[in-house]
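Trainee: My structure is below; once you've seen it, I'll send some questions.
The values are calculated or read from the model by the stated rules, or taken from the named source; none is laboratory data. Keep in mind it's a predicted model, so treat the numbers as computed, not measured. Glycine also receives a Cβ, built like all others from the backbone with ideal geometry; neighbour counts cover every protein chain displayed. Remember, those area values only see protein heavy atoms, side chains included, never the ligands or the DNA or RNA. Shrake-Rupley method; radii C 1.70, N 1.55, O 1.52, S 1.80 Å.
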Amino acid sequence: QVQLVESGGGLVQPGGSLRLSCGASGNIFSINAMAWYRQAPGKQRELVAIITRAGSINYADSVKGRFTISRDNADNTVYLQMNSLKPEDTAVYYCNFRTYYRDYWGQGTQVTVSA
């Protein structure tokens, strides 16, 4: 079964940067959009950023101007460049691929922003 594999999480100081990556372990066809979500302890999972097949991009208000989502269409990989990180960005980050027939989710990668 095809899985999404994330990498790039870790511990970073406030103001620092991290780059998350997510790719599929096999072929996934008809991807309509790729997205990053996050879930902080005690909170609901929230959409952080999404990029559609057509290239349309949207961000959560809390990350606008600091995070950048991008994709490599050649190998179906999505990235999240996170700059100027804040303690409130601490969460488990999940990648998500949306197709016509189902959604795929990664296992999550921990991002901790702390001094």
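Trainee: Would a scan of segment 72-79 turn up a residue that is closer than 24 Å to Ser114 by Cβ and assigned to a strand (DSSP E or B)?
Mentor: Yes, segment 72-79 has at least one match.
Trainee: Tyr104: within 13 Å of Ser21 (Cβ to Cβ), assigned to a strand (DSSP E or B) and modelled with pLDDT of 95 or more, yes or no?
Mentor: No, not satisfied.
Trainee: Kindly list the number of the only condition in (1) out of contact with any Ser or Thr (no Cβ under 6 Å at 6 or more places or on another chain); (2) under 25 Å from Gln1 (Cβ atoms); (3) modelled with pLDDT of 95 or more that fails for Ser21.
Mentor: All conditions pass for Ser21, except number (1).
Trainee: Which of the residues that make up segment 53-70 are open to solvent by less than 30 Å² (accessible area, probe 1.4 Å) and aromatic (Phe, Trp, Tyr)? First the steps, then the outcome.
Mentor: Kept after step one, since they are open to solvent by less than 30 Å² (accessible area, probe 1.4 Å), are these residues of segment 53-70: 60, 63, 66-67, 69.
If the condition is that a residue be open to solvent by less than 30 Å² (accessible area, probe 1.4 Å) and aromatic (Phe, Trp, Tyr), then Phe67 is the only one that fits.
Trainee: Another one. Taking only pairs six or more apart or across chains, which ones have beta-carbon atoms under 8 Å, a first residue in segment 39-67 that is within 14 Å of Val92 (Cβ to Cβ) and free of Cβ contacts under 8 Å to residues at least 40 places away in the same chain, and a second residue that is surrounded by 10 or more Cβ atoms within 10 Å (Cβ to Cβ) and basic (Lys, Arg)?
Mentor: Matching pairs, first to second residue: Glu46/Arg38.
Trainee: Quick check: anything in segment 90-101 without any contact (Cβ under 8 Å) to a residue 40 or more places away in the chain and either part of a strand (DSSP E or B) or farther than 24 Å from Ala115 by Cα (or both)?
Mentor: To start, the set of residues in segment 90-101 that are without any contact (Cβ under 8 Å) to a residue 40 or more places away in the chain comprises none.
Checked against the condition, which is being without any contact (Cβ under 8 Å) to a residue 40 or more places away in the chain and either part of a strand (DSSP E or B) or farther than 24 Å from Ala115 by Cα (or both), segment 90-101 yields no hits at all.
Trainee: So which of Tyr93, Tyr104 is in contact with a Lys or Arg (Cβ under 9 Å, 6 or more places away or on another chain), over 21 Å from Gln1 (Cα atoms), surrounded by 15 or more Cβ atoms within 10 Å (Cβ to Cβ) and of a type in the set (Phe, Trp, Tyr)?
Mentor: Residue meeting the stated conditions: Tyr93.
Trainee: Looking at Asn83, Asn73, can you tell me which residue is more than 13 Å from the chain's Cα centre (by Cα), exposed (fewer than 13 other Cβ atoms within 10 Å of the Cβ) and polar (S, T, N, Q)?
Mentor: Testing whether each residue is more than 13 Å from the chain's Cα centre (by Cα), exposed (fewer than 13 other Cβ atoms within 10 Å of the Cβ) and polar (S, T, N, Q) leaves just Asn73.
Trainee: For segment 80-89, which positions are part of a strand (DSSP E or B) and under 13 Å from Val12 (Cα atoms)? Break it down stepwise before answering.
Mentor: So in segment 80-89, the residues part of a strand (DSSP E or B) come out as 80-82.
If the condition is that a residue be part of a strand (DSSP E or B) and under 13 Å from Val12 (Cα atoms), then Met82 is the only one that fits.
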